[in-house]
Amino acid sequence: MQRPGTNHLRLIQGIFSRPKKVVALQRIDLSRNADPIQSLQARLESLERQIGETSRALIQAQAVSVRSMFSGSSDFLGGVQKKIVESSARNSVSWHQTRLLEMTQERRELQDQLDRLTGQVWPKRVRRWLLWAGIGAALIVACTIFIMGLFTALYLLPIWGTLLLVLFLFQRKR
């Protein structure tokens with residue numbers, strides 16, 4: 001049986017005690033590789049090369065598509081060939097785009113895992129927040145300057161109108 005004052009004592013100890021640090025657990029498969037950080041870095045480098053190759057192939061496929069659109073062929077076989085080339089180029093472009101999106105998503109996940117292992121999650125997150133805050137502040141300042149310029153132009157409109165009217169009257173007198 002508990003004593004009547006123990007609940008209050010636990011409550012006070014809970015308020016003044018230090019909070020426990022919560023750390024996310026990572027499952028690391030040590031059977032494949034002894035150093036998970038190096039294996040993640042190697043996979044990231046490999047993925048970067050694949051993304052570069054896919055980007056180049058995508059640009060080439062888009063170039064083929066553009067060239068086939070501008071190729072002028074008036075006969076029947078040339079028109080059929082043009083349609084086939086355009087169709088296969090469009091298919092190639094769409095496949096490369098989806099593959100590129102998949103690889104960038106995989107790269108983002110691998111980079112997130114690497115950041116968690118190296119302890120770079122929060123510094124990168126803070127940098128990203130500061131970047132967005134800076135961009136937002138720059139947009140607000142630019143909009144404010146633009147609006148102030150509009151109000152200044154509207155405010156000076158009567159003065160400029162008066163000056164133009166006086167100039168016009170002097171030109172008419174001569």
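The values are calculated or read from the model by the stated rules, or taken from the named source; none is laboratory data. Everything numeric here is computed off the predicted structure, so don't read it as measured data. Don't worry about glycine lacking a Cβ; one is built from the backbone with ideal geometry, like all the others, and counts go over all protein chains shown.
Structure values in brief
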quantity	calculated
Residue within segment 58-66 that is closer than 15 Å to residue 104 by Cβ, within 33 Å of the chain's Cα centre (by Cα) and surrounded by 14 or more Cβ atoms within 10 Å (Cβ to Cβ) present	yes
Answer from 73, 88 - the residue that is farther than 22 Å from residue 38 by Cβ, surrounded by 11 or more Cβ atoms within 10 Å (Cβ to Cβ), modelled with pLDDT under 85 and not β-branched (Val, Ile, Thr)	73
Residue satisfying condition, being in contact with a His (Cβ under 6 Å, 6 or more places away or on another chain) and assigned to a helix (DSSP H, G or I), within set 77, 58, 47	58
Qualifying residue in segment 8-30 (condition: under 21 Å from residue 113 (Cα atoms), in a helix (DSSP H, G or I) and at pLDDT 65 or above)	no
Selected residue (only one of 139, 130, 165, 117 is assigned to a helix (DSSP H, G or I), closer than 30 Å to residue 38 by Cα and free of Cβ contacts under 8 Å to residues at least 24 places away in the same chain)	130
From the options 152, 104, residue that is of a type in the set (S, T, N, Q), more than 30 Å from residue 50 (Cβ to Cβ) and either in a helix (DSSP H, G or I) or at pLDDT 95 or above (or both)	152
Residue 124 vs. criteria part of a helix (DSSP H, G or I), within 15 Å of the chain's Cα centre (by Cα) and among the charged types (D, E, K, R)	yes
